[in-house]
Amino acid sequence: MPLQLILLVLLVLLGGGGTPAAHAALAEPDPIVLEAGQSGVLVQGRSLAWVEPGRLKTVDEIAAAGDAIAWTPLPPGTQLRLDDGALWVRFTAEVRDPDRWYLTLLSSGLDRVQLFRRDAQGQWDVREAGDSRRVSQWPLPGRVPTFELVPGGPVAYWLRIEHDRVDFATPMRLVSQAELLAGREREQFLLGGYFGVAALLFVVALLNAAAWQDRNFAAYAVYLGLFTLGQAAYLGVGAQHLWNSWLGFNAVSTFLLPGLATAAALWFVQVVTEPARFSVPLDRLVTVVIAALVLLQLAELLWPGRGLFGLRLAATTGALALVALLIWLVWTRSDDPEIRLIALGFLPVLVMALFPIARGLNLIPNNVFTRYGLAIGAAMEMPILFWALSLRAGRRRESQLRAQALPRTDALTGLADRRSLLQRLDATLARARSQGHPCAMLLVRVANYDHIASDYGRDMLERAMVVAASHLRRLATDIDLAARVGEREFALLIEGPTNADVVASRAQQLVAGGLRPTPALPEELTLRLLVVTALLPDEPTDAAATLDWMFDGLAAVRPDARKQIRVLRTESRPG
């Protein structure tokens with residue numbers, strides 16, 4: 001026991017029996033050496049940090065205090081609450097590279113960032129960036145705060161950061177000029193393309209909403225506009241290019257615009273899915289949540305703070321869950337053919353929105369998905385949603401156009417009616433005579449019309465007529481006209497110039513198409529189509545006489561004739 005006691009005393013004496021305060025002092029990190037060809041270096045892990053409560057101390061006081069301040073290591077991924085406080089970061093860098101090197105903080109929307117160093121005369125050189133001043137007044141304007149380092153060294157730097165409402169976890173990186181410029185060029189290319197496409201779709205959506213009186217496109221334009229502005233604020237593009245001179249708005253835009261975009265997104269989904277068709281209480285709940293999101297955003301604007309910000313993020317999470325519920329509801333209950341495309345379009349944003357929300361709630365550290373996740377999701381969402389809305393608008397517009405065209409079209413098939421054909425045929429004959437080139441017309445009869453009516457019924461007969469009309473529509477070019485000219489007769493007017501071979505080919509395709517089975521009809525039912533063709537004009541006759549002449553030619557073809565195509569010639573005209 002005495003020997004053990006002696007050894008214990010020796011260990012205490014040899015270990016340095018200083019005061020606890022002396023043991024608390026940290027060794028100064030080695031200078032960060034920056035050489036040619038070296039990749040970027042994180043300041044985290046190579047520096048010391050201290051959170052100052054109150055934001056009252058000057059850099060002179062911090063430098064004079066030295067190790068009396070409770071400096072601690074700053075490892076990568078550290079999250080620090082800075083509300084009403086300031087983060088001081090101390091590091092030393094030695095630039096041995098002839099190329100310039102820079103300190104860049106990889107997040108936009110930081111309230112205030114200051115970099116201090118002593119110049120050759122011992123005076124403080126101060127550089128400042130962040131939302132506290134216009135981007136055009138930053139030492140190096142851009143999306144994120146960036147400061148140039150002094151060549152040579154080693155040089156001691158003090159970095160002071162203010163940032164409220166969200167814990168600070170921004171990576172701080174030292175990069176060479178080549179790496180910085182390459183990164184900015186990539187950003188300009190990708191973000192320029194993203195915002196360019198978003199702006200284009202926004203304008204087209206507005207034009208579609210105005211031209212078609214389409215509420216879906218109007219809601220989409222509002223959502224896309226606010227969402228794009230929200231991303232511009234979140235990514236720092238707005239402060240750099242859009243509202244550089246609006247310093248007050250820039251300070252709140254990072255919180256205001258994304259919040260309004262969330263309310264607009266929920267409203268857009270409400271318009272698209274129409275939940276009132278399935279549940280009136282659910283529709284009212286959506287309206288209440290939209291109003292609550294807007295009110296919370298306005299309250300946060302008037303009384304900024306971590307509490308209201310967290311409450312709004314929680315409401316945003318609930319809104320995303322409500323969006324998912326609405327999409328699922330119409331997916332399972334609606335017969336809307338485009339709803340699956342709309343759901344597919346929203347999926348990337350729903351997933352990627354979880355990252356910035358989790359970051360805002362300080363659940364995860366800052367990373368590439370918290371910074372760019374929503375932009376990535378929106379880049380996938382925009383073309384899908386726009387395509388789905390275009391399909392839906394086209395389908396609804398087609399119904400409106402068909403209703404407007406009823407006075408001059410066949411209600412069942414949507415083809416032109418007899419009167420429209422005669423008007424067009426008169427104009428075509430006159431043009432063909434003046435220009436000296438032939439046109440042509442095919443007159444078609446469904447020979448098994450009575451058989452379909454007696455064996456399959458009226459509903460199947462109407463389907464057969466629609467199928468016959470679809471065969472004619474496929475054969476018509478942009479300048480041709482397909483029409484229904486009788487109960488069982490159709491016509492295809494081929495604008496010139498044309499020739500007998502083209503006319504014969506069209507007739508053969510039409511007959512063959514009728515004989516092919518189609519999913520719209522029973523498997524055993526095909527259409528037997530009788531066709532007469534004629535090259536026009538051969539004589540100065542009008543449209544009505546020409547059509548009557550072709551009807552006479554069609555009447556001469558027996559329903560069971562082996563040859564289903566007959567060519568009419570001028571010598572067969574009466575008189």
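The values are calculated or read from the model by the stated rules, or taken from the named source; none is laboratory data. On a predicted model such as this, the values are computed, not experimentally measured, just so you know. With ideal geometry, Cβ positions are generated from the backbone for all residues, glycine too; neighbour counts draw on all protein chains shown.
When you check GLN121 against the structure, is it outside the structural domain of LEU363 (by TED's automatic domain parsing) and over 30 Å from LEU363 (Cα atoms), yes or no? Yes: the conditions hold for GLN121. Within the range 222-250, if we keep just the residues that are of a type in the set (S, T, N, Q) and surrounded by fewer than 19 Cβ atoms within 10 Å (Cβ to Cβ), the residue that is farthest from PRO145 (Cα to Cα) turns out to be SER245. Within the set of pairs 6+ apart or on separate chains, which have a first residue in the range 468-497 that is over 23 Å from ASP548 (Cβ atoms), a second that is modelled with pLDDT of 90 or more and surrounded by fewer than 17 Cβ atoms within 10 Å (Cβ to Cβ), and C-beta atoms under 9 Å apart? Filtered contacts from the range 468-497: HIS471/GLN509; ARG474/GLN509; LEU475/GLN509.
If you check PHE355, PHE346 for being aromatic (Phe, Trp, Tyr) and over 17 Å from the mean Cα position of the chain (by Cα), only one passes: PHE355.
Within the range 142-165, if we keep just the residues that are acidic (Asp, Glu) and assigned to a strand (DSSP E or B), the residue that is surrounded by the most Cβ atoms within 10 Å (Cβ to Cβ) turns out to be GLU162.
Being under 45 Å from the mean Cα position of the chain (by Cα) and at pLDDT 90 or above is the filter; apply it to the range 520-534 and report the residue that is farthest from ILE494 (Cα to Cα).
PRO522
Would you confirm whether or not the range 506-518 contains a residue that is touching a residue at least 60 places away in the same chain (Cβ under 8 Å), in the same structural domain as ARG473 (by TED's automatic domain parsing) and surrounded by fewer than 19 Cβ atoms within 10 Å (Cβ to Cβ)? Checked the range 506-518: no residue is touching a residue at least 60 places away in the same chain (Cβ under 8 Å), in the same structural domain as ARG473 (by TED's automatic domain parsing) and surrounded by fewer than 19 Cβ atoms within 10 Å (Cβ to Cβ).
Within the range 203-221, the residues that satisfy the criterion of being crowded, with 19+ Cβ neighbours inside 10 Å and free of Cβ contacts under 8 Å to residues at least 40 places away in the same chain are ALA209, ALA221.
In the range 234-241 there is no residue matching the filter, namely being over 25 Å from THR370 (Cα atoms) and either in contact (Cβ under 8 Å) with a residue 24 or more places away in the chain or acidic (Asp, Glu) (or both). Counting residues in the range 426-443 that are within 21 Å of LEU568 (Cβ to Cβ), within 43 Å of the chain's Cα centre (by Cα) and of a type in the set (D, E, K, R) gives zero.
With respect to being in a helix (DSSP H, G or I), in contact with a helix residue (DSSP H, G or I) (Cβ under 6 Å, 6 or more places away or on another chain) and assigned by TED's automatic domain parsing to the domain that holds LEU260, ALA209 falls outside the description. Consider LEU325 carefully, then state whether it is over 18 Å from LEU257 (Cα atoms) and surrounded by 15 or more Cβ atoms within 10 Å (Cβ to Cβ). Yes: the conditions hold for LEU325. Given the criterion free of Cβ contacts under 8 Å to residues at least 60 places away in the same chain, in a strand (DSSP E or B) and under 21 Å from ASN367 (Cα atoms), identify the matching residue among VAL89, VAL113. Going through VAL89, VAL113 in turn, the sole match is VAL113.
Rundown of residues vs (1) aliphatic (A, V, I, L, M); (2) in contact with a strand residue (DSSP E or B) (Cβ under 6 Å, 6 or more places away or on another chain); (3) over 19 Å from LEU412 (Cα atoms), yes/no style:
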residue	(1), (2), (3)
GLU462	no, no, no
ALA468	yes, yes, no
HIS471	no, no, no
GLU524	no, no, yes
VAL532	yes, yes, yes
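For beta carbons closer than 7 Å, sequence separation of 6+ or different chains, a first residue in the range 169-194 that is assigned to a helix (DSSP H, G or I) and a second that is among the polar types (S, T, N, Q) and surrounded by 15 or more Cβ atoms within 10 Å (Cβ to Cβ), the qualifying pairs are LEU180/THR104.
Of the candidates ALA403, ALA388, the single residue that is at pLDDT below 80, over 19 Å from LEU226 (Cα atoms) and assigned to a helix (DSSP H, G or I) is ALA403. Among the residues making up the range 350-381, those that are in a helix (DSSP H, G or I) and in contact (Cβ under 8 Å) with a residue 60 or more places away in the chain are PRO356, ARG359, GLY360, ARG371, TYR372, LEU374, ALA375, ALA378, ALA379. Applying the condition of being modelled with pLDDT under 95 and crowded, with 20+ Cβ neighbours inside 10 Å to the range 107-116 and asking which residue is farthest from the chain's Cα centre (by Cα) yields LEU110.
For the range 70-89, the set of residues classified as surrounded by 16 or more Cβ atoms within 10 Å (Cβ to Cβ) and farther than 23 Å from ARG165 by Cα consists of TRP71 only.
Number of residues in the range 118-141 that are within 30 Å of ARG371 (Cα to Cα) and either among the acidic types (Asp, Glu) or buried (at least 20 other Cβ atoms within 10 Å of the Cβ) (or both): the value is 6. One residue stands out in the range 272-309 among those that are of a type in the set (S, T, N, Q) and under 26 Å from the mean Cα position of the chain (by Cα): the one that is surrounded by the most Cβ atoms within 10 Å (Cβ to Cβ), namely THR273.
Taking first residues from the range 47-75 that are in the same structural domain as PRO31 (by TED's automatic domain parsing) and within 19 Å of ALA27 (Cα to Cα) and partners that are at pLDDT below 90 and not β-branched (Val, Ile, Thr), the Cβ contacts under 7 Å between residues at least 6 apart in sequence or on separate chains come to SER47/PRO29; LEU48/LEU26; LEU48/PRO29; ASP67/ALA25; TRP71/LEU26.
If we scan the range 26-35, do we find a residue that is in a strand (DSSP E or B), in the same structural domain as LEU159 (by TED's automatic domain parsing) and either modelled with pLDDT under 90 or touching a helix residue (DSSP H, G or I) at 6+ places or on another chain (Cβ under 8 Å) (or both)?
Within the range 26-35 (the criterion being in a strand (DSSP E or B), in the same structural domain as LEU159 (by TED's automatic domain parsing) and either modelled with pLDDT under 90 or touching a helix residue (DSSP H, G or I) at 6+ places or on another chain (Cβ under 8 Å) (or both)), the answer is no, since none of the residues qualifies.
Note on the range 283-298: residues that are in contact (Cβ under 8 Å) with a residue 24 or more places away in the chain and touching a helix residue (DSSP H, G or I) at 6+ places or on another chain (Cβ under 7 Å) amount to 7.
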